[in-house]
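Here the structure is laid out as structure tokens; the discussion comes afterwards.
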Amino acid sequence: MTLDANLHGDVLVIALHGQLIVGNRQALKQRVLDDIEAGTRKVVVDFGNTGYIDSSGLGVLVSLAKRLRELGGDLRLANLNADLRTLFELTKLDSLFQIADSREQALASF
């Protein structure tokens, strides 16, 4: 997995490329934690180029969302394909995250 991170105003947008799995989840976690430490409170994770997330990847997303909410911020998700959307629905995580169809919708939701 690789990730591209860019600021759009005060929102950090992270585009993931590849699978979010146990072997690489720490890269995403550390990147977001570093930005939280620097003052970022709004994060969008764009899954447009991601086809698979394992349970450890889901765990990282939950952990980051919790941390951001403790600080008055939020983590939003964008561009989930049908399989990923089903995964979030089956695990009931669709009630924890605001999921947008596009990056633009996710940005506009803040």
Extension gain, Glu37 back to Ser102 (0.36 nm per residue minus Cα-Cα distance, nm)
20.7 nm
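Given a 1.4 angstrom probe, what's the average accessible area per residue across the chain, in square angstrom? Write down the numbers at each step before the final one.
Details: 5550 Å² over 110 residues.
Value returned for the chain: 50 Å² of accessible area per residue.
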Interchain or long-range residues, amide H under 5 Å from Thr50's placed H
Gly18
Kirkwood Rh and Cα Rg combined as Rg over Rh, evaluated for the chain:
0.91
Please check which bits of segment 51-77 a label hung off Thr91 would reach, taking the label as a point 7 Å along Cα-to-C-beta and the cut-off as backbone N under 15 Å.
51-66, 76-77
Lys92: accessible area at probe 1.4 Å, nearest 10 Å²?
140
Using alpha-carbon positions, what is the distance between the centroids of segment 22-49 and segment 62-110, in Å?
13
Partner aspartates and glutamates whose C-alpha sits under 17 Å from that of Lys42, ignoring same-chain residues fewer than 8 away, are Asp4, Asp10, Asp34, Glu70, Asp74, Glu104
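Mean residue ellipticity at 222 nm from the helices of the chain, using -39,500 (n - 2.57) per DSSP H segment of n ≥ 4 over the full residue count, to the nearest 500 deg cm²/dmol? Walk me through the numbers before you get to the answer.
On the way: 4 runs with 44 residues, N = 110.
Calculated at 222 nm, the ellipticity per residue is -12000 deg cm²/dmol.
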Over the chain, what is the percentage of antiparallel beta bridges among all DSSP beta bridges, to the nearest 5?
30
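The values are calculated or read from the model by the stated rules, or taken from the named source; none is laboratory data. What you see is a predicted model; the values in this text were computed from it and never measured. Note: ideal-geometry Cβ built from the backbone for every residue, glycine included; neighbour counts use all protein chains shown. We work out accessible area using only protein heavy atoms, side chains counted, and drop any ligands, DNA or RNA first. Shrake-Rupley method; radii C 1.70, N 1.55, O 1.52, S 1.80 Å.
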